[in-house]
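A.B. asks: My questions will all concern the structure given below.
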Amino acid sequence: MTGMSDVRLTLYQQELLEIPGTRVAARGSQESRWQQFWRRVRTRKQLLELSDEQLRDIGVSREQARLEAMRPFWRC
């Protein structure tokens with residue numbers, strides 16, 4: 001996935017989970033938790049680096065991006 005796709009999934013994860021017929025995959029090994037941790041760190045950092053135009057493209061304000069990026073890594 002690209003950084004933009006990761007950002008969208010991060011920001012709209014709850015909406016995706018509420019779609020009927022979708023399921024969340026069971027969490028695998030400890031390694032997958034590390035991968036998830038690093039993905040969150042990476043995508044939240046990338047979110048802060050997006051320009052105002054890029055944020056507008058994905059429908060996110062600068063304030064929303066800042067709040068999402070500052071969330072603790074253990075929060076989805």
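A.B. asks: How do the pairs read when you match residues in region 32-56 that are within 15 Å of PHE73 (Cβ to Cβ) with residues anywhere that are of a type in the set (Asp, Glu) and at pLDDT 90 or above, using Cβ under 7 Å and keeping only pairs 6 or more apart or on different chains?
C.D. replies: ARG44/GLU68; LEU47/GLU68
Every residue, every condition in (1) surrounded by fewer than 10 Cβ atoms within 10 Å (Cβ to Cβ); (2) part of a helix (DSSP H, G or I); (3) touching a Phe, Trp or Tyr at 6+ places or on another chain (Cβ under 7 Å), yes or no:
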| position | (1), (2), (3) |
| --- | --- |
| GLN36 | no, yes, no |
| ARG39 | no, yes, no |
| LYS45 | no, yes, no |
| LEU48 | no, yes, no |
| GLU53 | yes, yes, no |
| GLU63 | yes, yes, no |
| GLU68 | no, yes, no |
| PRO72 | yes, no, no |
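The values are calculated or read from the model by the stated rules, or taken from the named source; none is laboratory data. Predicted model only: the values in this text are computed from it and were never measured. Cβ atoms come from the backbone with ideal geometry, glycine included; neighbour counts cover every protein chain shown.
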